[in-house]
Amino acid sequence: MRCEDVIAMLDEIREDSPSETLRQHLAACSTCARAWNDWRTLRSGFRALAEDAPPPASFGFASRVVRRLDDAVDSSRAAAQVIERVARRFVLATLLLAMSLVLALALPSSGPVRGPGRDEPYLTQTEVNSRAGDSLLGDEFSDSTAANPVYGGNQK
Amino acid sequence: MERPDTPDVKQEIDWIHRAQRGEREPFGFLVERHQRRVFSIVYRLVRRRDDVEDIAQEIFIKAFLAIGGYHFESSFATWLARVAVNHCYDYLRRQRSSRVHYFSEMGEESRRRLERRAEQQTSGVLNPEEQVALRDYTDRLLERAPADDRVILVLKEVEELSVQEIAEILNLNVSTVKVRLHRARKRMLLDIQKSERGK
């Protein structure tokens, strides 16, 4: 018999005298003998507690409980109303927030609310580069034609 | 309060239905019928004679407010015991922080004396004073135990309920109750031994 088996056996043991196998183990193992004695003490203590009768209900206990029910129901109802009010406000606030979010996403990026937008808001890198090139060339060309007297006034 | 002459299960079902509709009087009959058991559970778990009635009142009020959720899946007594145990469990957890640890106050000699008395009790020679001493000793050990252990040990060892009944009250599997009981006993034995080593 192992020590763990002794502890496991305590759950099942109802009688006060150990079996022969257990007795042999207890004689050889002081730890288990200690546990056995402690368990016997506890069981006797539990029995003593069971014999200690609970106090009886005082006269009219049930009537007093019934009288207190009205107050309890009222306060429970009041608490439920508070919770309901808070929950309702929370739901309303959540709805408002959700609606604002939907509006923010649904509104077009340009218009009377958002102001004038670009014609083509999304350009590829190639388009950006080509436009930049055009603009630089155009500016240079137009500036030179306007400012250079050789290409400007002399040709006319 | 009008009291029926032969209250039986059928009568109790009728009281429950009426209480579920909000009627106070039939709930009063239920209180009268079950108050003894509720007082017993409260006293065994809380062990404060002066507080038992107040706690029992709170339990019955809680039961009235929750009776709409009772669907006759278990007996009303079991359902009510569940409400009582849960309420006591919360009470014990609230009280735990302010509880005094008595074990350290108990010397080795007095403990040995109690053990001898416990041995004597099995042969039926324990006198009332010794009985009280042994009861207090166990009471203090239980008071030191975690609320979970205390509840399950009291239901099994003091209220002497079956594992099946405890499982219904605590809403657990039978196997879980067995495991918890085993652990609670083991922890309590270890606690006694630790306390001895600490001296």
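The values are calculated or read from the model by the stated rules, or taken from the named source; none is laboratory data. This structure is a prediction, so every number in the text was calculated from the model and none was measured. Counting neighbours? That spans all protein chains shown, and the Cβs are built from the backbone with ideal geometry, glycine included.
Residue check: A:Leu26 meets all listed conditions (1) in contact with a Pro (Cβ under 9 Å, 6 or more places away or on another chain); (2) at positive phi but one, namely (2).
Being modelled with pLDDT of 95 or more and within 18 Å of B:Glu159 (Cα to Cα) is a property that B:Phe60 lacks. For B:Phe29, the test of being more than 19 Å from A:Pro55 (Cα to Cα), aromatic (Phe, Trp, Tyr) and free of Cβ contacts under 8 Å to residues at least 40 places away in the same chain is passed. Checking every residue in region B:85-95 against the condition of being more than 19 Å from B:Asn171 (Cβ to Cβ) and not charged (D, E, K, R) gives at least one match.
Out of B:Glu119, B:Glu168, one residue alone is over 23 Å from B:Arg94 (Cβ atoms), in a helix (DSSP H, G or I) and modelled with pLDDT of 85 or more. It is B:Glu168.
Evaluating B:Leu189 against the criteria (1) among the aliphatic types (A, V, I, L, M); (2) within 28 Å of B:Asp51 (Cβ to Cβ); (3) at pLDDT 75 or above leaves one unmet condition, (2).
For region A:34-70, the set of residues classified as more than 9 Å from chain B (Cβ to nearest Cβ), in a helix (DSSP H, G or I) and at pLDDT 85 or above is empty.
Here is the figure for region B:57-90: residues that are touching a His at 6+ places or on another chain (Cβ under 9 Å) and facing chain A (nearest Cβ under 8 Å) total 1. Within the set A:Arg88, A:Arg131, the sole residue that is at pLDDT 85 or above and more than 14 Å from chain B (Cβ to nearest Cβ) turns out to be A:Arg88.
The residues in region B:20-43 that are buried (at least 23 other Cβ atoms within 10 Å of the Cβ) and either on the phi > 0 side of the Ramachandran plot or not aromatic (Phe, Trp, Tyr) (or both) can be counted, and the count is 6.
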